[in-house]
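In what follows, a structure is listed as structure tokens, so that the remarks can point back to it.
What follows draws every value from the coordinates through simple rules; no lab data is involved. Because the structure is a prediction, the values reported are computed rather than measured. Here Cβ is always computed from backbone atoms with ideal geometry, including for glycine, and neighbour counts include all displayed protein chains.
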């Protein structure tokens, strides 16, 4: 796959409403340059977090050293460490001090799959089941794309980690559901995924 700089999402895209951006991220391609190899995947599942009203958001209780990237305005990558072993990556949205972000939950592998398999499984090849599970969860995605705390705060309009535009999905192709793995604000239907996509973490 050849990447066109002209198709890279502009800063203004990330300044929009967190739910609008979350739905529009579905079907678009996230790219990371990893040791000279471009890793690319189609975003198929996300979760929205709004610190102003959402108790499950890291930003709900205000700015801290850990979550400060969430308050720097749309177009940044917020990466955090969880459970003492996993990294999760979020697309920050809105304006400065909004404290809103979108967790990338699952990605359909497209390019650089051999390198993703090395990152996840320690081998270049992946069987059908391994391929399906390569990026089907926020921690799996980060490991496959070699995303860690060093990537926290990355400018998504740059040339290191970025998102490529693609046609907007029709509303009937998007499913809204409860978020996963949280204990607060559990009834909010703020998880969005592509209907019938086999790379979604949980349907």
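Values computed for the structure shown
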| read-out | value |
| --- | --- |
| Condition met for residue 169 (surrounded by 14 or more Cβ atoms within 10 Å (Cβ to Cβ) and free of Cβ contacts under 8 Å to residues at least 40 places away in the same chain) | no |
| Verdict on residue 150 being closer than 18 Å to residue 34 by Cβ and surrounded by fewer than 16 Cβ atoms within 10 Å (Cβ to Cβ) | yes |
| Residue in segment 68-89 that is free of Cβ contacts under 8 Å to residues at least 60 places away in the same chain, farther than 20 Å from residue 143 by Cα, in contact with a strand residue (DSSP E or B) (Cβ under 8 Å, 6 or more places away or on another chain) and surrounded by 15 or more Cβ atoms within 10 Å (Cβ to Cβ) present | yes |
| Tally of residues being outside any helix (DSSP H, G or I) and under 13 Å from residue 156 (Cα atoms) across segment 12-24 | 1 |
| Matching entry among 96, 53 (being surrounded by fewer than 17 Cβ atoms within 10 Å (Cβ to Cβ), over 25 Å from residue 166 (Cβ atoms) and in contact with a helix residue (DSSP H, G or I) (Cβ under 9 Å, 6 or more places away or on another chain)) | 96 |
| Unique residue being over 21 Å from residue 145 (Cβ atoms) and either in a loop (DSSP other than H, G, I, E, B) or in contact with a helix residue (DSSP H, G or I) (Cβ under 9 Å, 6 or more places away or on another chain) (or both) when the list is 84, 73, 27 | 73 |
